[in-house]
Amino acid sequence: GQHGMQAISEALLWADPTYSADITLASLEAERQMTAGVSPASGAAIDAAIWYGSPDAKRVALDRMRSRPIGVLLLAAMDCSYEYPQLTPIVIDVLAGAGDDRARFFLAERMELGDPHIRRLAAEALATIGGQCLQYLRAWALADNPELREVALRALLPHTTVGDLTTLYEYITMYPEDDVNLLAALQSRAQVLEALFEAQQEIDSRSPQLDD
């Protein structure tokens, strides 16, 4: 019950860090077995694991946050990545699931550090979150760094709109030696967007014009 959940979460504050992953798992299992809703103490246990737990406890807590992001802990989750870089992939996954575009600064930093795997994950997270995050991908789409612009474009491509036509055509013109499959995908997407633009213009031309 509630008292047991509270005791479990408090144990994370004083127990040997060696056991913090097991304690976090016990907290989540207790939450699962509860019948009267989710206990606030389970959030407290995740909070304590994120801040004070061992790397394994942090991983358990972050894994739980994948399915139920806790907004106030997103900054702490990012701190986990700085402290334990091996947790960066799961941190990025949590941020993507949370959908908070304030994560764009952290994700942009991950993009620029250059690790290919992390860069791809960060680009996909930026695309998933959308909003202001897409502006970063648009800026990188014409970057001098070929790896950076390719991963940015691959993530951005499904989210491009008519407003991105200029960027797509600039890329095709500026970097004709880049990956042939990517260039073909960009050309195909540009044709689709051109057709959408023309269709919208046709609809607009047929719409009644109101006098000023």
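Some values worked out for this structure:
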| item | result |
| --- | --- |
| The chain: angle of helix 2-14 to the longest principal axis, Cα-based, in degrees nearest 10 | 90 |
| For Ile70, residues with placed amide H under 5 Å, excluding near neighbours | none |
| Cβ charges +1 (Lys, Arg) and -1 (Asp, Glu), total dipole of region 55-141, debye | 200 |
| Using a Förster distance of 45 Å, the FRET efficiency for Ala143-Thr18 (Cβ separation, nearest 0.05) | 0.50 |
| Cα centroid separation, region 52-74 to region 108-128 (Å) | 20 |
| Per-residue HN-Hα couplings for region 151-168 [Karplus 6.51, -1.76, 1.60; θ = phi - 60°; Hz; x = Gly/Pro] | 5, 5, 5, 4, 6, 6, 3, x, 9, 5, 10, 4, x, 9, 4, 4, 4, 4 |
| Spin-label pair Tyr52/Ala184, simplified geometry with 7 Å Cα→Cβ offset, distance in nm | 5.7 |
| Convex hull projection area averaged over all views, region 74-184, Cα basis, nm² | 6.6 |
| Cα-based helix-to-principal-axis angle, 116-129 vs the chain, degrees rounded to 10 | 80 |
| Theoretical FRET efficiency, 1/(1+(r/R0)^6), r = Cβ-Cβ of Asp100 and Ser205, R0 41 Å, to 0.05 | 0.50 |
| Heavy-atom accessible surface of the chain: percent carbon and sulfur, 1.4 Å | 54 |
| Rounded to 10°, Cα long-axis angle of helix 180-206 versus longest principal axis of the chain | 70 |
| Table column - 3J(HN,Hα) (Hz), region 55-62, Karplus curve with 6.51, -1.76, 1.60, x for Gly and Pro | x, 5, 5, 4, 4, 4, 5, 5 |
| GNM result for the chain, Cα springs below 10 Å: residue of Arg59, Arg68, Arg119 fluctuating most strongly | Arg68 |
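The values are calculated or read from the model by the stated rules, or taken from the named source; none is laboratory data. Being a predicted model, the structure only gives us computed values, none of them experimental. Virtual Cβ from ideal backbone geometry, glycine too; neighbours counted across all protein chains shown. Ligands, DNA and RNA are excluded from the accessible area calculation, which covers all protein heavy atoms including side chains. Shrake-Rupley method; radii C 1.70, N 1.55, O 1.52, S 1.80 Å.
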